[in-house]
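S.K.: A single structure is presented below for examination.
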There are 2 protein chains.
Amino acid sequence: MPKRIPTRPLPALAATLLLAAGASQATAADNDDRALLQQAQKLFKPLPKDMGTRENPVTPARVALGRALFFDPRISVDGTVSCAKCHKPQLYGTDGLAKAIGNHAKVNPRNSPTILNAALQGVVSAHWRGDRKSVEDQATKSLIGPPSFGLPNNEAAVARLKAIPGYQPMFKAAFPNDADPYSVDNWGTAIGAYERTLVTPGPFDAFLRGDTRALSPTAKAGLRDFISVGCASCHNGPGLGGTSYQKFGVHQNYWSATGSKEVDKGRFDVTKDEKDLYVFKVPILRNVAMTPPYFHDGSVATLPAAVRIMAKVQLNKTLSDAQAHNIVAFLDSLTGPLPKNFATVPVLPSAAFRER
Amino acid sequence: MPKRIPTRPLPALAATLLLAAGASQATAADNDDRALLQQAQKLFKPLPKDMGTRENPVTPARVALGRALFFDPRISVDGTVSCAKCHKPQLYGTDGLAKAIGNHAKVNPRNSPTILNAALQGVVSAHWRGDRKSVEDQATKSLIGPPSFGLPNNEAAVARLKAIPGYQPMFKAAFPNDADPYSVDNWGTAIGAYERTLVTPGPFDAFLRGDTRALSPTAKAGLRDFISVGCASCHNGPGLGGTSYQKFGVHQNYWSATGSKEVDKGRFDVTKDEKDLYVFKVPILRNVAMTPPYFHDGSVATLPAAVRIMAKVQLNKTLSDAQAHNIVAFLDSLTGPLPKNFATVPVLPSAAFRER
């Protein structure tokens, strides 16, 4: 009897013990994930459905007009610049350049950030130095003067719009209460309305909504590091940034780390206030893995390098290889699919028939 | 009795007579349409499903690589030029400019024609003067030297490609038999394979396949005029052109009609043969309504004007307003919807991780 009994009960017992151990490990991991989720939910927010406001609601007519205008280079002084020149869908709303290039190959002073989720930034502006009030303001101001669209004045811009008759019904539908809907302000408002639809929820949003399996174990480790190292003290909210200004280079000059060829004084050049020296907008990190090169001057080519530099110059921390690897995996989870109305470009009203 | 009988039979008789007249009118119109269809089928052809060849078949791997490369500006010398710069989806595969603008704002010598259906042109070339053998040859030659991509040599081009690691598996999949698939020739071949998918069947193709109601009465009148005036003697085949060279300005100098600021000697500058003076490729007319401005130098802004000029300088005919109107309506029927793989741009492999 003693010989027969063990043949089944012993393995069964072992299995039971293993299962119990597995279950308790799973429970511990689940508890860790839930704690991380709760911590994350305090710091971050899922992306909204759209970024429309009472002042600029994302009405279909306004978005349709804004989308066409966004992709139309014919309005610019040399016929080559549209919003989509620096905010290309194929490069996730950027141009892949260190510094944007406008009309007649004029080099812009700074890197063009992604247009995706850009309207999240509200009054902190769509530019690096806080000199634009909103995406609408950014669009409108880009029309006149160098280096973007390069038009000499509002009249010249409106004349370009009126030369394409297909826009007439679109302007009327988008701004039904305006006697003459053709204006530079309405151009910017319509483009802003379109841009306010460009949200890119991804795995991190699923995580924040409670699905702890939406992030890989590496990405979750990266999220822990992102919080514990201190990145989240500035990169928080739905955009993981875009809501404050900070000095770039708290513990050492930024250019000693980035290798920047020129020193940009940042917000100081706007406010002339000494405490704004080297102060820039904290950029949003949504889709950051898809939008190299990095920083206001595009001086750093890769994301791991950018992450290490930020830890060093802002937080005086030298990341381990594992930390850098994990944080990059977490940042990957901030990539969402391109919005359909951005990946697919609109057919523009033809200028072919204006004398017909 | 004579008073009662007429109340029903007379209207019935009238209705019968009217129906008979209607039927005979319809039959006459149907006969006219069928005669027109038969005439058209001799001159034109519906677009093929794709334009792949035995040398360059449109395999999924080759098309996927070519589509990404088509939209990638990072290969060019200043990072701003991709095929899509001059062949934008939103402008039906053109740039809307009189003359294309390449790297560092260099102005190209001639207008960039639509890339849609361009491979139909075969050996007559993808350029205006017959100096490119195929879409592959055109793409490959655009990489090196001014004015397009502006790279100094093949090695520089390959180095740019290799700097984006995401292209490595795509090149391998597209050219599985090549030991080192990275080459300028393969770059052009892949882009050519993609371009060979860009066909745009429209209402005229439905007509040619037998649906005589696919064209409006005005478009059908325009088709009759297009044939009787003589346009179809050069603009025939599936592309309505693109298969021969002709002197531009048979009955008067073209520049006296177009207002061209410069006189382009056309194919003469390639062959140095006197009989090629002012000779250009006959362009395809597919989607012509969507691709202003017109002619090799983009000197004419509207389609009705271009149609009248062609009739005058090539055929010595002054079109009536009705003829011009009808022909433009017919040309409208050559517009097909944008191919999905052109209207929707691909997400490019990111350069973000190359040092990871």
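S.K.: Straight-line reach from residue B:317: which aspartates and glutamates fall under 20 Å, measuring Cα to Cα and dropping same-chain residues less than 8 apart?
M.R.: B:225
S.K.: Which of the peptides A:170-179, A:73-82 is most tightly packed, and how do the rest follow, going by the mean number of other Cβ atoms within 10 Å of each residue?
M.R.: Working: A:170-179: 14.9, A:73-82: 21.9.
Packing order, densest peptide first, comes out as A:73-82, A:170-179.
S.K.: Considering the dipole of chain A built from charges on the beta carbon (Lys and Arg +1, Asp and Glu -1) around the Cα centre, which of A:270, A:103, A:207 is farthest to its positive end?
M.R.: Going by the charge dipole, the pick is A:207.
S.K.: Which of B:238, B:60, B:293 moves most in a GNM of chain B, Cα contacts under 10 Å?
M.R.: Top of the fluctuation ranking is B:60.
S.K.: Please list 3J(HN,Hα) in residue order for region A:332-337, calculated via the Karplus relation 6.51 cos²θ - 1.76 cosθ + 1.60 where θ = phi - 60°; whole Hz, with x for glycine and proline.
M.R.: Computed from phi, the couplings for region A:332-337 are 4, 6, 8, 8, x, x Hz.
S.K.: A further question on this structure: Could you work out the equivalent-ellipsoid semi-axes for the protein assembly as shown, taking the square root of 5 times each eigenvalue of the Cα gyration tensor, largest first, in whole Å?
M.R.: Details: eigenvalues 582, 218, 168 Å².
Working through the eigenvalues yields semi-axes of 54, 33, 29 Å.
S.K.: Here's something else I'd like to know. Tally the DSSP beta bridges in chain A and give the antiparallel ones as a percent, rounded to 5. Display every interim value, and only then the final one.
M.R.: Values: 6 of 9 bridges.
Taking every DSSP beta bridge with both residues in chain A, the antiparallel ones total about 65 percent.
S.K.: For region B:218-227, just list the computed ³J(HN,Hα) in residue order, Karplus coefficients 6.51, -1.76 and 1.60, θ = phi - 60°, integers in Hz, with x standing in for Gly and Pro.
M.R.: 5, 5, 5, 4, x, 5, 4, 4, 4, 7
S.K.: Collect residues whose amide H, placed 1.01 Å from N in the peptide plane, falls under 5 Å from the amide H of residue A:44; neighbours closer than 5 in sequence don't count.
M.R.: A:237
S.K.: Averaged across B:324-335, how many Cβ atoms of other chains sit within 10 Å of each residue's Cβ atom? Write out the running numbers ahead of the final one.
M.R.: Details: counts 1, 1, 0, 0, 3, 0, 0, 1, 2, 0, 0, 2.
Counting other chains' Cβ atoms within 10 Å and averaging over B:324-335 gives 1.
S.K.: What number do you get for region B:200-332 when its Cα radius of gyration is normalised by 2.2 N^0.38 Å, N = residues?
M.R.: Details: Rg = 15.1 Å, N = 133, 2.2 N^0.38 = 14.1 Å.
Computed over Cα atoms of region B:200-332, the ratio equals 1.07.
S.K.: Something else: Can you list the residues, at least 5 places off or on another chain, whose amide H is less than 5 Å from the amide H of residue A:245, using H built in the peptide plane?
M.R.: The answer is A:282.
S.K.: Treating the beta-carbon of each Lys and Arg as +1 and of each Asp and Glu as -1, no other charges, what is the dipole magnitude of region B:60-199 about its Cα centre, to the nearest 20 debye?
M.R.: Working: 16 positive and 11 negative charges, 62 e Å.
Magnitude of the dipole: close to 300 debye.
S.K.: Can you give the charge dipole size of the protein assembly as shown about its Cα centre, rounded to the nearest 20 debye, using +1 on the beta carbon of Lys and Arg and -1 on the beta carbon of Asp and Glu? Display every interim value, and only then the final one.
M.R.: On the way: 84 positive and 58 negative charges, 239 e Å.
Result for the protein assembly as shown is approximately 1140 debye, rounded to the nearest 20.
S.K.: Just checking the output field for A:95-101: average partner chain Cβ neighbours within 10 Å of each residue's Cβ?
M.R.: On the way: counts 4, 9, 5, 1, 0, 1, 6.
Mean shielding count: 4.
S.K.: Quick one: which of A:261/B:141; A:99/A:281; B:99/B:281 span more than 23 angstrom between C-alpha atoms? Intermediate results must be reported in sequence, preceding the final value.
M.R.: On the way: A:261/B:141 34 Å; A:99/A:281 16 Å; B:99/B:281 16 Å.
Pairs exceeding the cut-off: A:261/B:141.
S.K.: Please compute one quarter of the surface area of the Cα convex hull for chain A and express it in square nanometres. Don't skip to the answer; put the middle values down first.
M.R.: Values: hull surface 96.5 nm².
Mean projected area of the Cα convex hull: 24.1 nm².
S.K.: While we're here: By a straight-distance test (C-alpha under 12 Å), which aspartates and glutamates pair with residue B:106 as possible cross-link partners, with residues fewer than eight away in the same chain excluded?
M.R.: Correct list for residue B:106: A:78, B:78.
S.K.: Return the subset of A:49/A:340; A:45/A:88; A:162/B:340; A:85/B:133; A:312/B:162 for which the Cα-Cα distance in this structure is over 19 Å, preserving the input order. Walk me through the intermediate numbers first.
M.R.: Working: A:49/A:340 14 Å; A:45/A:88 26 Å; A:162/B:340 30 Å; A:85/B:133 30 Å; A:312/B:162 30 Å.
In this structure, A:45/A:88; A:162/B:340; A:85/B:133; A:312/B:162 lie more than 19 Å apart at Cα.
S.K.: As I understand it, the dipole of the protein assembly as shown uses +1 on the Cβ of Lys and Arg and -1 on the Cβ of Asp and Glu, about the Cα centre. Which of B:246, A:242, B:159 lies farthest toward its positive end?
M.R.: Result: A:242.
S.K.: Here is a follow-up. Using Cα-Cα distances under 8 Å and only pairs 6 or more residues apart, what relative contact order does region B:60-199 have, in percent? Could you put the intermediate results ahead of the total?
M.R.: Numbers: 243 pairs, mean separation 42.1, N = 140.
Over region B:60-199, the number comes to 30 percent.
S.K.: Could you run the Karplus curve 6.51 cos²θ - 1.76 cosθ + 1.60 with θ = phi - 60° over region A:241-257 and give me ³J(HN,Hα) per residue in whole Hz, x for Gly and Pro?
M.R.: For region A:241-257, the Karplus-derived couplings read x, x, 10, 8, 9, 8, 5, 8, x, 7, 9, 7, 3, 4, 5, 6, 9 Hz, x marking Gly and Pro.
S.K.: Can I ask one more? List the residues whose amide H sits under 5 Å from the amide H of residue A:279, counting only those 5 or more places along or on another chain, with H placed 1.01 Å from N in the peptide plane.
M.R.: Amide H to amide H, under 5 Å and 5 or more residues apart or across chains, residue A:279 pairs with A:248, A:267, A:268.
S.K.: Here is a follow-up. For region B:174-226 and region A:100-139, what is the separation of their Cα centres, given in Å?
M.R.: For region B:174-226 versus region A:100-139, the Cα centre distance is 38 Å.
S.K.: Here is a follow-up. Counting other beta carbons within 10 Å of each Cβ, put B:137, B:273 in order, fewest first.
M.R.: B:273, B:137
S.K.: Now for a different question. For residue A:32 and residue B:252, what does the FRET efficiency come to when R0 = 56 Å and r is the distance between their Cβ atoms, rounded to the nearest 0.05? Walk me through the numbers before you get to the answer.
M.R.: Details: r = 83 Å, r/R0 = 1.49.
It comes to 0.10.
S.K.: State to the nearest 20 debye the size of the charge dipole of chain A about its Cα centre, where the only charges are +1 on K and R beta carbons and -1 on D and E beta carbons. Write down the numbers at each step before the final one.
M.R.: On the way: 42 positive and 29 negative charges, 161 e Å.
In total the dipole reaches around 780 debye.
Bear in mind that the values in this text are calculations on the coordinates, not laboratory data. The model shown is predicted, which means the values in this text are computed figures rather than measured ones. Reconstructed Cβ throughout: ideal geometry from the backbone, glycine too, with neighbour counts over all protein chains shown.
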